[in-house]
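Colleague: Pasting in a structure now, in C-alpha cells, and then I'll have a few things to ask.
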Amino acid sequence: FGKVHGGDFAVHVGDFIGYTNVLGEAEERCPESRYRWVADVLKTGRVRTFIVPGDNEWNDCPDPDRSMGHWRRHLKNLDEHWQNSTTDAHFPPVTRHLSLDPNFSFRLHHVLVVGLFMVGGQINDQDEWDARMRRNVAFVRMNLARHHQNITAVVLFGHSKMYRDNVRLFFDELVDMARRHSELNFLYLHGDGHVWEMDEHNATKNMLRVQLDQGGIAPPLLVTVHAAGDFWFDRRLGG
C-alpha cells in the first residue's frame with residue numbers, strides 16, 4: 001500500500017533482522033541500531049506506515065525482553081509520524097490495544113483493518129503466549145462487533161503463518177468468526193515463510209490467506225479491496 005502506487009497506507013509484517021551481513025558473516029543478534037535504522041527508513045515513506053513484530057526481532061533474539069524494548073523505543077506507534085502531514089489529513093482514527101501495543105485497528109471506508117502481535121518462532125513463556133493469543137482474539141472480536149454493519153471486508157496483518165500449531169488458539173477462533181460473518185470477506189496477510197502463497201481456508205470460503213514475498217526479492221504488495229469486499233493483488237506494482 002504506497003501512495004506512489006495509489007494506496008492509502010503501508011504495513012510492514014516483520015522479520016527485518018538478519019543473522020548475517022552481505023558478506024555472509026555472522027552479526028550481533030538483534031542490535032538496537034537495526035531497529036533504529038528500520039524506523040528511519042520507514043519514516044521516509046509518503047503514506048502512513050504501520051509495522052507488526054516478527055519473531056526474528058523478538059522471541060528468537062537472545063534476550064527477547066531487551067529486543068522488545070528496542071522495538072517499542074523505535075517502532076511503537078510508528079504511524080503517528082504521519083499524523084500532521086497533508087497527505088494524512090483524512091485518515092480515520094486508529095484504535096490501539098491497551099496491553100498489546102503493537103496491535104492496531106481502523107475502519108477505512110468499507111474495510112476493517114487489524115494489525116496483530118502474531119509471531120511464529122520459539123515460545124519462551126507459554127502463559128504469556130496463550131494470553132497473547134486470547135487478547136488477539138478479543139481485539140478482533142471487539143472491532144468486528146463495532147464495525148461489522150459498515151464493512152464488506154476484514155483485512156488482518158500479522159507475522160506468523162496460519163497453520164503453525166503454536167498459533168492455532170487464535171486462528172481457530174478467527175475462522176469461527178469468519179463462519180459467523182459469512183457476509184464479509186476476510187484476508188490474512190503475513191510474512192514468516194518469505195515466498196508467495198495464496199489459498200482459501202478449507203473450512204470457510206470467505207477466508208483468504210496470503211503469505212508475502214520477502215522484501216528483498218520482490219516489491220511491496222499492493223492490495224485493493226473493492227466495494228463488494230473482493231480483493232485484487234498487484235505483486236509487481238504495475239511493472
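Colleague: Could you say whether any residue in the range 213-222 is loosely packed, with under 14 Cβ neighbours inside 10 Å, without any contact (Cβ under 8 Å) to a residue 24 or more places away in the chain and within 27 Å of A138 (Cα to Cα)?
Modeller: Looking for residues that are loosely packed, with under 14 Cβ neighbours inside 10 Å, without any contact (Cβ under 8 Å) to a residue 24 or more places away in the chain and within 27 Å of A138 (Cα to Cα), one finds none in the range 213-222, hence no.
Colleague: Hey, can you tell me all the residues within the range 184-197 that are closer than 23 Å to P53 by Cβ, touching a residue at least 24 places away in the same chain (Cβ under 8 Å), in a strand (DSSP E or B) and not hydroxyl-bearing (S, T, Y)?
Modeller: Step one: filter the range 184-197 for residues closer than 23 Å to P53 by Cβ, giving 186-197.
Cutting the leftovers down to touching a residue at least 24 places away in the same chain (Cβ under 8 Å) gives us 186-194, 196.
Now drop any that are not in a strand (DSSP E or B), which leaves 186-190.
F186, L187, L189, H190 - these are the residues of the range 184-197 that are closer than 23 Å to P53 by Cβ, touching a residue at least 24 places away in the same chain (Cβ under 8 Å), in a strand (DSSP E or B) and not hydroxyl-bearing (S, T, Y).
Colleague: Could you check the range 161-183 and list, in sequence order, the residues that are acidic (D, E) and either within 15 Å of the chain's Cα centre (by Cα) or assigned to a loop (DSSP other than H, G, I, E, B) (or both)? Explain how you work it out, then say what you get.
Modeller: Of all residues in the range 161-183, those acidic (D, E) come to 165, 172-173, 176, 183.
Residue satisfying the conditions is E183 alone.
Colleague: Could you list all residues from the range 17-45 that are at pLDDT below 90 and in a loop (DSSP other than H, G, I, E, B)? Write out each step before concluding.
Modeller: Keep residues of the range 17-45 that are at pLDDT below 90, which gives 17-29.
Selection gives I17, G18, Y19, N21, V22, L23, G24, E25, E27, E28, R29.
Colleague: Closer than 21 Å to V225 by Cα, in a loop (DSSP other than H, G, I, E, B) and either modelled with pLDDT of 95 or more or hydroxyl-bearing (S, T, Y) (or both): is that true of H147 in this structure? Write out each step before concluding.
Modeller: Working: closer than 21 Å to V225 by Cα: yes; in a loop (DSSP other than H, G, I, E, B): no; either modelled with pLDDT of 95 or more or hydroxyl-bearing (S, T, Y) (or both): yes.
Considered against the rule, which asks whether it is closer than 21 Å to V225 by Cα, in a loop (DSSP other than H, G, I, E, B) and either modelled with pLDDT of 95 or more or hydroxyl-bearing (S, T, Y) (or both), H147 comes out as no.
Colleague: What number of residues within the range 198-239 are touching a Phe, Trp or Tyr at 6+ places or on another chain (Cβ under 9 Å) and either outside any loop (DSSP other than H, G, I, E, B) or of a type in the set (V, I, T) (or both)?
Modeller: Total meeting the criteria: 11.
Colleague: Here are the criteria: (1) more than 20 Å from A10 (Cα to Cα); (2) crowded, with 18+ Cβ neighbours inside 10 Å. Tell me which single one L187 does not satisfy.
Modeller: (1)
Colleague: Give me the pairs: first residue in the range 46-61 and more than 12 Å from F16 (Cβ to Cβ), second residue of a type in the set (V, I, T) and in a loop (DSSP other than H, G, I, E, B), beta-carbon distance under 7 Å, and six or more apart or on different chains, which are they?
Modeller: N59/V119
Colleague: Shifting gears a bit: Within the range 93-140, can you find the residues that are of a type outside the set (A, V, I, L, M, F, W, C), free of Cβ contacts under 8 Å to residues at least 24 places away in the same chain and surrounded by 13 or more Cβ atoms within 10 Å (Cβ to Cβ)?
Modeller: R96
The values are calculated or read from the model by the stated rules, or taken from the named source; none is laboratory data. Given the structure is predicted, the values throughout are model-derived calculations rather than measurements. As a convention, Cβ positions derive from the backbone with ideal geometry for all residues, glycine included, and neighbour counts pool all protein chains shown.
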